Each structure stands twice: as C-alpha cells, then as structure tokens.
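The values are calculated or read from the model by the stated rules, or taken from the named source; none is laboratory data. Keep in mind that what you see is a predicted model, and the values were worked out from it rather than measured. Note that each Cβ is placed from the backbone with ideal geometry, even for glycine, and that neighbours are counted across all protein chains shown.
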Amino acid sequence: MSASILELDLRALSGALAAREVSSREATAAALERIRATDGQVGAFLRVTAEQARAAAAAADERAARGARLSPLDGVPLAVKDIFLTEGVETTAGSRILEGYLPPYDAAVVERLRAAGAVLLGKLNMDEFAMGSSNENSAYGPCRNPWDLARTPGGSSGGSAAALAARQAWGTLGTDTGGSIREPAAFCGVVGLKPTYGRVSRYGVIAFASSLDQPGPLARTVADTALLLQAVAGHDERDMTSSARPVDDYLAGLEGGARGLRIGVPREWLAGGLDAGVEVRVREALRRYERMGATLVEVSLPHSRYGIAAYYLIAPAEASSNLARYDGVRFGLRAPARGLREMYQQTRARGFGAEPKRRIMLGTYALSAGYYDAYYLRAQKVRTLVRRDFDEAFTRCDVVAGPVAPTVAFRLGEKVEDPLQMYLADVFTITANLAALPGLSVPCGLHPEQGLPVGLQLVGRPFDEATLLRAARALEREQGPLPPPPGVA
Ligand code: GLN
C-alpha cells in the first residue's frame, strides 16, 4: 500500500483520507520512509520532524474517525521551505548565521496549514536567504534534481520542488522574490505558483527583499496547487502589505477550460537567448491552447529587458537592510570576540556565505549617499515602467504566457563561478515580481533531446490567480502527466 499511497496526488490522498480508505498515519509513515530511503541522494530536507508529524497524523485520524475533518488538507503530509518560522523547530534559511535558531512562533502560513489539519514533515533545503537559482548557495549542501542527480533542482526553493518530484510530500510551500518558486517547479516538473504580492502573508517569513518576497505553493498537479493556495491565502493584519481583498474560490472554476481565453505572447520572450528545445515545448503549449479555443495575441513588454538590472539593485538594497539584524546579538550564531565591534565582524564574516556578502555589498553601495538616486531610485522607476508594460498588455489579453527559464535544469557546478550567468536564469520570472503580479509554472513536456522537464509560465492580472490556475489546468488536462522522474528509484 505505501508505494501506491505515494503515487496518489494530494487531492486523491485527501479523498482517500475522507473516505477512510487510508489513514494519515499510513500516509505519514509512507512519506517518512520515502524520505529515509531517498533523501541521502536528493537532499531536499534540512530537518525531518518525524515525531511531530506522527503525532499530527494520529490527531488527524482521530478527527476523521469522528467525522470532523478540518479541511481537505486534514491529515495530508506537507513540508515547507526553511525560510518559514516554525515554533521550536530549528529554522536557518539555509544559512550558518541562523544555525540553532529556534523561532518562538509559527509563520502565518504555517499556522494556517496546522489549523487546516495538515501534517508537517519538516523543513526544506534552499539557497542561503533565498539568494540563488540552483540551491547551491545552501550552507548545508546542495539539493539534487530527482530527474538527474547530477543537476540542480533550481532555486532558491530547490528542496520544495525536489521533495515533490521525489514523492516525499504531497505539497510544499516556497517563496518567490525573483523566480524562486517558478524556476525550481519548472526544473523538477511540478507546478509552482507565486501569488500576487500581498495575497499570502509574509508574517514569520525570513525577509530577503521585502517589496518582492511572496510565499506560495508547489504541488504535483494544478488542482493540488489550488487547494494549497486556498489554505494559505488571505488577509493577515500582522503583515502590513497583506491585502484585505476577499480570496476567490480557486477550485470552483478550475475545469473551465481555455476556450475564449486571450493569451498574450510577449514578443521579447521568444526572441532569442532561449534554448531551442525549451522553445519547441513552449511553442507547442501555445498551439495546444489555440486548439483548445484560446486566441494568441502578440504583446510587447519592452522594459522587461531592464528587469534583471533593476532587480539586482532593488533586491540587494533591501537585503542589505534586512540582513543587518544578524549581528550575533539577537539571533543564531555568535562568534567569540574581545569586543562588540569585533563580535559583529566575526559573526557576520563567518556566518554569511559568499552570495549574501556579495548582495550586502552591492545593496549597501546602491543605497549610499550620492548613489541612491542614481541606482535605487532609478531602479524603482524602471519597476513602474515594467508594471505599465503589463497593464498595457492586459488591456488585450487575460494572461501572458512564455518560458519560465531559458534552459532546463543545468548541471551542479555549471554556473557557480559566474554569478551573472546564474542571475540570468531568472530573466523571464523577475518581471512578475517587479510588477507584483501572480505567476505560475506548469509542466509543458520534456526537452526533446535532454529528456528533462520544461515549464510554461503564465502571468496574470493582480489577484487573478483563479484564471492562471484554470488556464494551467486546461493545459495539464490536454497534455497528461509527465512520466515519473528517473533519478530516484
Ligand atoms: N535567483 C534570484 C536571486 O538570487 C531570485 C531568488 C528568489 O526568488 N528568492 O535573487
């Protein structure tokens, strides 16, 4: 039974739990066993909370027996990126500087998952402070792609995508500041959704770049992604950027199909610089949409070419400010030293890896007197132009579609020496963060030569996650599921 439980998607498992064909204890035991058997190779988990998970599963079974399930997630084993605070469970954001840090409270989204009855299996690997596109910046070792263990799962939410592809959990949460949910989802052949900025609370999420960070779900199917978003979306007064707008019913219209949908294809996104095999799959997905009754309209996002440059001023600037709190006094690591100043220096020198140090230096420079206007302020103006491009596009289409990343999953080590090449992995995803728009990655087949997953990106109007999910579901249904990843038996 346990192998077949692992093959059920989240919604199917939820149905089986409701019908009491399967218990949460069995599902949890199957997941824990799967993690034990495969995670030595994959490295998706930084911490497995087996005891807590078993206790939560027992409580869920007891509710199911009383006919008192709390939600469709009741009893379903999930896992979250190590950027979400979990009360009493070590939370490091992939950094040495937070080694041993035990948060005094749960992140809002973790609270919501627990309140829905979900079973939390543990904390997932990630690039240090979510800075990266390959998970190789984790201070605790890389995570590997279950499709090919020599390749990256993507980043920064690498563990969140790899755990799903490896069948270790039924759903996960990640965060996306410049592409960190969508790119790993694409690389691992799963679905990932970055919600509209403000749709999901950032309370208790370790901050990277506060005007861009947004938590969101990853899952094996579009419906599962919708279920998870439903559970975590909504207003939270503890996050002042959280929207009070009511949350849509993401499952109600999910099977509505693509007929009549106007899909904007940005001229700039298919204009070269894209791997040929990725382009083949993206164009094929667009043709499928046409066959399903959608219309393709060419749109233009002329300022998207400045996206990476603007992002690498804004994100490091905000990061340099957010990371100032890791001073050895309040959180995690404290290096021994003779005086306060030396303690700050030693703690930060030892605690941060190369990428956060690079960002702190870039960001501090961009914010310094005399440069603030030339860099940070100018980047903010570019941001407005990027948003206007999308506003203009959305007068003519309902969603914008294109690639998630310029390539499929690359090899571990391939880009670590060249930060700029690494930054370019996000060339198609960053604009949605700059414009605060929802973006989703859905598998659109395997690369014709390399046999690795390719993701189609859909970007929507603000708070129109429902249309993204409906459009993604139409493609998923038309296309059928990917084969299981060959990298882990
Ligand atoms: N790869 C981008 C970066 O390194 C985006 C990361 C993210 O979305 N958290 O900043």
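Evaluate the following for Ala436: is it in a loop (DSSP other than H, G, I, E, B), within 15 Å of the ligand (Cβ to nearest atom) and at positive phi?
Answer is yes for this residue.
Which numbered condition in (1) out of contact with any strand residue (DSSP E or B) (no Cβ under 7 Å at 6 or more places or on another chain); (2) at negative phi is the only one that Gly328 fails?
Among (1) out of contact with any strand residue (DSSP E or B) (no Cβ under 7 Å at 6 or more places or on another chain); (2) at negative phi, the lone unmet condition for Gly328 is (2).
With Ala309, Ala285 as the choices, which residue is within 16 Å of the ligand (Cβ to nearest atom) and at pLDDT 95 or above?
From the options Ala309, Ala285, the qualifying one is Ala309.
Of all residues in segment 8-38, which are without any contact (Cβ under 8 Å) to a residue 12 or more places away in the chain, in a helix (DSSP H, G or I) and within 18 Å of Gly117 (Cβ to Cβ)?
Ala12, Gly15, Ala16
From the list Ala186, Ala162, which residue is within 14 Å of the ligand (Cβ to nearest atom), modelled with pLDDT of 95 or more and within 14 Å of the chain's Cα centre (by Cα)?
It is Ala186.
Each row is one residue, and each column tells you yes or no for (1) of a type in the set (Lys, Arg); (2) under 30 Å from Leu149 (Cα atoms); (3) surrounded by fewer than 20 Cβ atoms within 10 Å (Cβ to Cβ).
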| site | (1), (2), (3) |
| --- | --- |
| Leu13 | no, yes, no |
| Thr28 | no, yes, no |
| Gly75 | no, no, no |
| Leu78 | no, yes, no |
| Leu85 | no, yes, no |
| Pro103 | no, no, yes |
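Can you find, within segment 252-276, the residue that is surrounded by the most Cβ atoms within 10 Å (Cβ to Cβ) among those that are within 24 Å of the chain's Cα centre (by Cα) and under 16 Å from Leu446 (Cα atoms)?
Within segment 252-276, the match that is surrounded by the most Cβ atoms within 10 Å (Cβ to Cβ) is Leu274.
For residues in segment 416-435 being crowded, with 21+ Cβ neighbours inside 10 Å and not β-branched (Val, Ile, Thr), which is farthest from Pro266 (Cα to Cα)? Spell out the reasoning first.
Within segment 416-435, the first condition is being crowded, with 21+ Cβ neighbours inside 10 Å, and the residues that meet it are 422, 425-435.
Of the ones still in play, those that are also not β-branched (Val, Ile, Thr) are 422, 425-426, 428, 432-435.
Values: Met422: 23, Ala425: 18, Asp426: 16, Phe428: 11, Ala432: 13, Asn433: 17, Leu434: 16, Ala435: 15 Å.
By that ranking, first place goes to Met422.
So is Ala319 on the phi < 0 side of the Ramachandran plot, among the aliphatic types (A, V, I, L, M) and more than 16 Å from the ligand (Cβ to nearest atom) or not?
So Ala319 does not fit the description; no.
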